[in-house]
Structures are given as structure tokens and as C-alpha cells.
Amino acid sequence: MALSIVHRATGVALYFGTLLLAWWLIAAASGPGAYANVQAFTGSFIGRLIVFGYTWALMHHLLSGLRHLVWDLGYGFKAHEREALTWGALIGGISLTILVWIVAYMTIGGGR
Amino acid sequence: MNAPKPSMRTPLARVRALGSSHSGTSDFWRQRLTAVAMTLLIVPVIVVVLMLLGSNQAGAKQIFSSVPIAIIMLLFILASAWHMKIGMQVVIEDYVHNEKIKLASVMANNFFCIAVALASIYAILKMSSGV
């Protein structure tokens with residue numbers, strides 16, 4: 001499995017994704033006009049796609065990182081354990097992303 | 001790195017195990033420290049983000065006026081900025097082999113992480129103090 005590089009790639013994506021988070025927070029602190037701009041962007045197709053990708057990168061990096069913490073502690077080095085951890089991170093990351101988006105759509109009432 | 005203190009240890013003993021970064025495993029440790037911190041914070045952070053999604057700017061300000069919410073977000077931003085600074089430095093050191101470009105990249109990485117962290121922290125403090 002080539003998931004090591006995916007961990008790194010999602011990390012780099014999250015790194016630049018913080019710009020969106022910072023923009024959102026600054027806009028919220030600035031005023032209604034600035035906040036409406038962010039909402040217009042995150043509400044657009046491209047914006048939704050980026051935020052969806054960001055959610056997946058975060059969830060995958062989180063689970064993949066937990067896998068590294070397990071290895072740091074000296075567990076999970078047997079072949080089937082490594083496979084299980086890797087598949088767990090991959091499938092778990094996708095599942096958590098979808099779960100978060102379902103909850104998000106339920107929260108904001110089926111899309112803004 | 002702390003200034004060398006008077007010591008009976010030989011110069012060799014002092015530098016041993018510190019590696020080429022001269023600071024030993026401190027980045028390795030902090031990377032794990034911030035990772036565990038964010039793992040503990042991720043559920044409350046997602047809840048806060050979901051609360052913010054459904055609200056307008058006035059509502060967002062209202063949400064950040066809550067002290068626990070502001071503190072949770074501040075902790076998460078601090079941990080993530082530190083984590084991504086270390087992570088990006090590892091990536092730079094792995095792929096950039098020209099010494100000058102490497103130095104410039106590491107410096108730019110520090111600027112980026114500090115700027116993003118400070119901007120986010122300022123925004124949260126501004127909202128939570130109701131200005």
C-alpha cells in the first residue's frame with residue numbers, strides 16, 4: 001500500500017486549506033459583508049468541492065496519523081495488522097467524511 | 001537550544017544524540033503532542049463548525065462569545081499551526097536539497113504558519129470580546 005505518501009499529501013493539502021479557515025474566521029470578525037463573501041464561495045460548486053476535499057483530507061490524515069501513533073508505540077507491525085490499519089484509515093476516512101456531511105446537511109436544513 | 005551551562009560533560013557528550021538539527025527529538029515529540037491534542041479536540045471542533053454553518057455573521061459572533069467555544073478553537077488553532085509547521089519543514093527537508101532554497105523555504109513556512117495562526121487567533125479574540 002502506498003498510503004504513506006497519501007498521509008503526507010493530505011497534510012500538505014490541509015496546510016494550505018488553513019487559509020480558507022483563516023479567511024472564514026477573519027470574515028466573521030470583520031462584518032456581514034465579508035462573511036457573505038465567504039458564504040457565497042463555500043456555497044458555490046467549486047467551494048463545496050474544496051470544503052468536501054478538505055473534510056476528507058482532515059479525516060484521512062487524522063486516522064492515518066492515529067495509525068502512525070500505534071506504530072510509534074510499537075504495535076501493529078505484523079503484516080495483517082499493517083493491512084488492517086491501512087484499510088481502516090482509508091475506509092474510515094471516507095466513512096467519517098460522508099457522516100460529517102450528512103450531519104452538516106441535516107444541521108443547515110438541506111443546503112443553504 | 002539552551003545556552004551551554006557549566007558542566008563536567010565533555011563537548012562530545014553534550015552534542016551526542018542531538019543530530020543535524022542540533023535540537024534532538026523535540027520536533028518529533030511536539031509533532032506527536034500536537035497530534036494527540038488535535039485528536040482530543042476534533043469532535044468538539046467539528047460540533048462548533050457545524051453550529052457555525054447554519055448561522056449568519058451575527059450568529060457566528062454570538063457563538064464565539066461563548067468562552068469554552070473560543071478556548072476550544074484557540075487550542076485547536078495553536079496545535080494545528082505548530083503541527084503543520086513541523087510537518088511542512090519535514091517535507092521541505094526531504095525534497096529541497098539546495099541549501100539556500102531550503103533555508104528560504106523553511107523561513108517562508110514559519111512566516112506562513114505564524115501568520116495563519118495569529119490571524120485566526122486575532123479573529124476569535126475579537127469576536128469573543130464582542131468588539
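Just so it is clear, none of the values below were taken in a lab; they were calculated from the coordinates. The shown structure was predicted, so the numbers you read here are calculated from the model rather than taken from an experiment. Please note: Cβ atoms are built from the backbone with ideal geometry, for glycine as well, and neighbour counts cover all protein chains shown.
What does the charge dipole of chain A about its Cα centre add up to, to the nearest 20 debye, if the Cβ of each Lys and Arg holds +1 and the Cβ of each Asp and Glu holds -1? It works out to roughly 120 debye.
Taking the centroid of alpha carbons for each part, the range A:43-112 and the range B:85-122 are 25 Å apart.
Per residue of B:81-90, what is the mean number of Cβ atoms on other protein chains within 10 angstrom of that residue's Cβ?
3
Within a straight-line Cα-Cα reach of under 22 Å, residue B:85 can be paired with the following lysines, leaving aside sequence neighbours fewer than 8 residues apart in one chain: B:100, B:102. Using only the Cα atoms of the range A:14-66, build the gyration tensor, take square roots of its eigenvalues as a ≥ b ≥ c, and label the shape rounded, prolate or oblate: rounded if a/c is under 1.5, else prolate if a/b is larger than b/c, else oblate. Since a/c reaches 1.5 but b/c is at least a/b, the shape of the range A:14-66 is classed as oblate.
So if we plug the beta-carbon distance of residue B:93 and residue A:12 into 1/(1 + (r/R0)^6) with R0 = 22 Å, what FRET efficiency do we get, rounded to 0.05? Present the calculation step by step, with values, prior to reporting the outcome.
Details: r = 14 Å, r/R0 = 0.63.
Calculated transfer efficiency: 0.95.
Placing +1 on each Lys and Arg Cβ and -1 on each Asp and Glu Cβ, with no other charges, gives chain B a dipole about its Cα centre of roughly 400 debye. What shape does the range B:32-131 take by its C-alpha gyration tensor, where a ≥ b ≥ c are the square roots of the eigenvalues and a/c under 1.5 counts as rounded, a/b above b/c as prolate, and the rest as oblate? Prolate shape, in that a/c is at least 1.5 and a/b is the bigger ratio.
The protection proxy used here, the mean number of other Cβ atoms lying within 10 Å of each residue, ranks peptides B:38-49, B:76-87 as follows, highest first: B:76-87, B:38-49.
Just want the answer: with Cβ charges of +1 for Lys and Arg and -1 for Asp and Glu, which residue in B:6, B:91, B:17 is farthest toward the dipole's positive end in chain B? Most positive-ward Cα: B:6. For peptide B:61-69, the mean count of partner chain Cβ atoms within 10 Å of a residue's Cβ comes to 1.
With the largest listed first and rounded to whole Å, the semi-axes of the equivalent ellipsoid of chain A from the Cα gyration tensor are 33, 15, 11.
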